[in-house]
Each structure stands twice: as C-alpha cells, then as structure tokens.
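J.: Structure incoming, see below.
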Amino acid sequence: MAKPDGVFIYIGTYPSEAAARDDYEVVKGLHAAGAVGTYDASVVTKDFAGKVHVNKDETATRHGAWGGAAVGAVGGHLWRGMSRADVKELGEIIDDGQAALLIVGESKVQQAVDKAALKAEKHVAKELDVSAKDVDRAVQETAQEVS
C-alpha cells in the first residue's frame, strides 16, 4: 500500500520526443481530472550529436496540499532544474534521438500512472521513503535501473 507521504518516481524511455510528450500529456490530463496529486515532470531528450536537453513545461508543474519534507524537494525539484548528475544519468539511458519521461510526485501519482498504461519502451516506477535531500540520489539510482 502506498504511503501518503511517500515519493513516487517514474522514468520511462521512448523512441522519440513526440512519444514521451504523448505520455506527458496523459499525466497532465490525469491531473486535470483530479486523478493525480502533486507532481513534477520533464521530458529529457538526446539529440543526434549526443547532447542532453531537459524540456520542462513550467506551467505543467502541479502543486497541491501535500505535507511532509518531500514537498520542498518534489515540488521544486524539476522546477529549479535537474542536477547535472540527474541529467547525465538520464542521458546515459537513452540513445541519440530518443527521449525519457521523468515524473517525481506524491504516492497518489503511482496509482494513476499504473492505470494509465503509459507507452514507454522500458520503465521503472517505484515509491520511495526518502527525505527531501535524498530525491536527487533517488532519481539517479532509479535511472540506473532502467538501463
């Protein structure tokens, strides 16, 4: 059973940025319908020169009533920008021309994402009992599990 104050991390890989954005739109739609609580998401792409890009739609960051230490980390984690280590780790799991979708959110997000059947080629989805300061490390470790 999901813990109410747990942090959920989803990382999926896609053959293209368009495919990753399609699933990103699904998550935004779930939030609009009230099925998803607080979360932050980003599409990470790697161009054909091997350069990694973090594509964040700032207006898509969703905030809600969410207690605990994780709110500061998750609510602002991707908003402030991903750490260099996170970007490097995600860049290593996708090939040139591919993309990844990263979602960090409250445990309620996991239930909705599971039901939505996102179309990632490979993915890792898990709930973690981590403190705000450990979210970066958790993202890096989760990214290693995808590859």
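J.: Regarding Ala18, is this residue modelled with pLDDT of 90 or more and exposed (fewer than 13 other Cβ atoms within 10 Å of the Cβ)?
T.: Working: modelled with pLDDT of 90 or more: yes; exposed (fewer than 13 other Cβ atoms within 10 Å of the Cβ): yes.
Criteria met by Ala18.
J.: If you don't mind, there's one more thing I want to ask. Anything in region 111-144 that is in contact with a Lys or Arg (Cβ under 8 Å, 6 or more places away or on another chain) and either modelled with pLDDT of 85 or more or in a helix (DSSP H, G or I) (or both)? List them, or say none.
T.: Of everything in region 111-144, just one residue is in contact with a Lys or Arg (Cβ under 8 Å, 6 or more places away or on another chain) and either modelled with pLDDT of 85 or more or in a helix (DSSP H, G or I) (or both), namely Thr142.
J.: Restricting to region 10-20, and then to whatever is assigned to a helix (DSSP H, G or I) and among the hydrophobic types (A, V, I, L, M, F, W, C), can you tell me which residue is nearest to the chain's Cα centre (by Cα)?
T.: If we filter region 10-20 for residues that are assigned to a helix (DSSP H, G or I), which is where we start, we get 17-20.
If we keep only those that are among the hydrophobic types (A, V, I, L, M, F, W, C) as well, we get 18-20.
Values: Ala18: 16, Ala19: 15, Ala20: 11 Å.
Residue satisfying both the conditions and the ranking: Ala20.
J.: In region 76-109, how many are modelled with pLDDT under 80, buried (at least 17 other Cβ atoms within 10 Å of the Cβ) and assigned to a loop (DSSP other than H, G, I, E, B)?
T.: Residues meeting the conditions: 2.
J.: Whether any residue in region 49-61 is modelled with pLDDT of 80 or more, assigned to a helix (DSSP H, G or I) and surrounded by fewer than 21 Cβ atoms within 10 Å (Cβ to Cβ) is what I want to check. Quick ask: steps written out before the conclusion?
T.: Filtering region 49-61 down to residues modelled with pLDDT of 80 or more leaves 49-55.
Within this subset, residues satisfying the condition of being assigned to a helix (DSSP H, G or I) are none.
Among the residues of region 49-61, not one is modelled with pLDDT of 80 or more, assigned to a helix (DSSP H, G or I) and surrounded by fewer than 21 Cβ atoms within 10 Å (Cβ to Cβ), which makes the answer no.
J.: May I ask you to say which residue of Asp40, Asp23 is assigned to a helix (DSSP H, G or I), of a type outside the set (A, V, I, L, M, F, W, C), modelled with pLDDT of 80 or more and in contact with a strand residue (DSSP E or B) (Cβ under 6 Å, 6 or more places away or on another chain)?
T.: Values: Asp40 fails: assigned to a helix (DSSP H, G or I).
Of Asp40, Asp23, the one residue that is assigned to a helix (DSSP H, G or I), of a type outside the set (A, V, I, L, M, F, W, C), modelled with pLDDT of 80 or more and in contact with a strand residue (DSSP E or B) (Cβ under 6 Å, 6 or more places away or on another chain) is Asp23.
J.: Out of everything in region 26-37 that is in a loop (DSSP other than H, G, I, E, B) and in contact (Cβ under 8 Å) with a residue 24 or more places away in the chain, what residue ends up being surrounded by the fewest Cβ atoms within 10 Å (Cβ to Cβ)?
T.: Let us first name the residues in region 26-37 that are in a loop (DSSP other than H, G, I, E, B), namely 33-37.
Then drop every residue that is not in contact (Cβ under 8 Å) with a residue 24 or more places away in the chain, which leaves 35-37.
Numbers: Ala35: 16, Val36: 26, Gly37: 21.
Out of the qualifying residues, it is Ala35.
The values are calculated or read from the model by the stated rules, or taken from the named source; none is laboratory data. Everything numeric in this text was worked out from a predicted model, so none of it was measured. Reconstructed Cβ throughout: ideal geometry from the backbone, glycine too, with neighbour counts over all protein chains shown.
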